[in-house]
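K.L.:
Structure in structure tokens, see below.
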Amino acid sequence: MSNQVIHRVQHLYKLLQQAEATKESISPLTEVYPDLSVDDAYQVQLRAIEQKVQEGQRIVGKKIGLTSVAMQKLLGVDQPDYGHLLDSMEVRNNGMISLDCLFQPKVEGEIAFVLRKELCGPSVTVEDVLDATDYIAPALEIVDSRITDWKITLADTVADNASSGLFVIGEERFSLTDIDLPSIKMNLFKNGERINTGYGSDVLDHPAKCVAWLANKLSEYNVVLKAGEVILSGALSAAVAAEKGDRFTAEFSHIGKVEVTFN
């Protein structure tokens, strides 16, 4: 990286860290640097993750975002993005989340893959992903943004760890044997009322295709998906805003349900 890029990455990293420390959201990073590239934004993300690891947090997986055509059109992009999952971000199933630790959370239902062996791009296929998967489980991702009012471009969300907040994984583990991933149906409930419905086919036509994309994308940064990592393969339907007292449940055909409450 040039000195100019190094300076820019450090500046944006500090802005995001300050927002996290004060719990005060900030203006879009692309207003600070209108020409901020996605590659530079990933460097901001990696800088933040590197710092958290140095402080004792542990990388436990990755999340994939912008896997639906609707979300890609909304942000004017033609590809997904990714962020890191840390051990500090995991919430137990049926657990409680304090809104005080978040900015403007939204909830998504997803299929989580847990790997039994490494996936290293750039030529990973859907078949490779299926072979490398130990099990899948129902999941909720709580996306969040340090950018005021979610006024984000692709570069903004990438720098902000792909708008990662927290995640919840169901306790039950399901083998891929006899499960047709694209046909899995997910109903997302808020306080007992069904809010939306999605299918495995809504994320790049096949959830494992999302994981393959991630493994291949990460090869550009010399990163591999490791055995034991959790991979959130993308939201099966629109994200729903969470407020104090809300209970969210995602019910999946074939793989059970997962639930969390906000206070």
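Rule-based calculations on the coordinates, nothing more; no lab input. These numbers come from a predicted model, not from an experiment. Reconstructed Cβ throughout: ideal geometry from the backbone, glycine too, with neighbour counts over all protein chains shown.
K.L.:
Could you check the spin-label model distance between Q72 and N216? Points 7 Å from the Cα along Cα→Cβ, value in nm.
P.N.:
Each label point is offset 7 Å from its Cα along the Cβ direction, giving 1.2 nm.
K.L.:
For labels at Q4 and K244 in the simple 7 Å Cα→Cβ model, what's the distance in nm?
P.N.:
4.8 nm
K.L.:
Something else now. Using amide H atoms built in the peptide plane, which far-off residues or other-chain residues are under 5 Å from D81 H to H?
P.N.:
Amide H neighbours of D81: G65, L66.
K.L.:
On to the next question. Calculate, for S27 and N94, the FRET efficiency according to 1/(1 + (r/R0)^6) with r their C-beta to C-beta distance and R0 41 Å; round to the nearest 0.05.
P.N.:
0.65
K.L.:
Something else now. Would you mind finding the longest exposed-site-free stretch of the chain, with exposed GluC sites (Glu not before Pro) meaning DSSP loop and at most 16 other Cβ atoms within 10 Å?
P.N.:
173-242
K.L.:
Another one. Under the 0.36 nm per residue contour assumption, what length would be gained going from the current alpha-carbon distance of R116 and A227 to full extension?
P.N.:
Numbers: separation 111, 0.36 × 111 = 39.96 nm, distance 0.48 nm.
Gain in length upon complete extension: 39.5 nm.
K.L.:
What helices does the chain have that are whole DSSP H segments, at least 30 Å long along their own axis by Cα, and with mean Kyte-Doolittle hydropathy of 1.0 or more?
P.N.:
Once both thresholds are applied, nothing remains.
K.L.:
Assign one of three labels to region 1-58, namely rounded, prolate or oblate, based on the Cα gyration tensor with a ≥ b ≥ c the square roots of its eigenvalues; rounded applies when a/c is under 1.5, prolate when it is not and a/b is larger than b/c, and oblate otherwise.
P.N.:
Judged from the Cα gyration tensor, region 1-58 comes out oblate (a/c at least 1.5, b/c at or above a/b).
K.L.:
Taking Cα pairs under 8 Å and at least six residues apart, what relative contact order does the chain come out at, in percent?
P.N.:
The normalised contact order for the chain reaches 27 percent.
K.L.:
Further question on the same structure: Suppose R0 equals 30 Å. What FRET efficiency, 1/(1 + (r/R0)^6) with r the Cβ-Cβ distance, do E127 and S37 give to the nearest 0.05?
P.N.:
With a Förster radius of 30 Å, E is 0.35.
K.L.:
How big, on average over all directions, is the shadow cast by the Cα convex hull of the chain, in nm²?
P.N.:
12.9 nm²
K.L.:
Using the number of other C-beta atoms within 10 angstrom as an exposure proxy, rank S163, S68 with the fewest first.
P.N.:
Placing the least packed residue first, the sequence is S68, S163.
K.L.:
Also, I was wondering about something else. When a footprinting reagent is the concern and you count Cβ atoms within 10 Å, what order do D246, D149 take, fewest first?
P.N.:
Least crowded to most crowded, the residues run D149, D246.
K.L.:
Counting other C-beta atoms within 10 Å, and keeping those with at most 16, which DSSP coil trypsin sites (Lys or Arg not before Pro) do you find in region 76-171?
P.N.:
On the way: sites: R92, K106, R116, K117, R146, K151; in loops: R92, R116, K117, R146, K151.
Those that pass, being in a loop and sparsely packed, are R92, R116, K117, K151.
K.L.:
Let me ask something else. If we sort 154-160, 129-135, 40-46, 3-9 on the protection proxy, mean other Cβ atoms within 10 Å, highest first, what's the order?
P.N.:
154-160, 40-46, 129-135, 3-9
K.L.:
Still on this structure, please answer the following. Based on the alpha-carbon set only, what is the convex hull volume of region 208-263 divided per residue, in Å³?
P.N.:
It is 143 Å³ per residue.
K.L.:
If you don't mind, there's one more thing I want to ask. If R₀ is 25 angstrom, what is the calculated FRET efficiency for the pair H11 and Q79, using the beta carbon separation as r and rounding to 0.05?
P.N.:
For R0 = 25 Å, the calculated efficiency reads 0.45.
K.L.:
Whole-Hz Karplus ³J(HN,Hα) for region 237-247, in order, using 6.51 cos²θ - 1.76 cosθ + 1.60 and θ = phi - 60°, x for Gly and Pro?
P.N.:
Working through the residues one at a time gives 7, 5, 6, 10, 5, 10, 10, 4, x, 6, 10 Hz.
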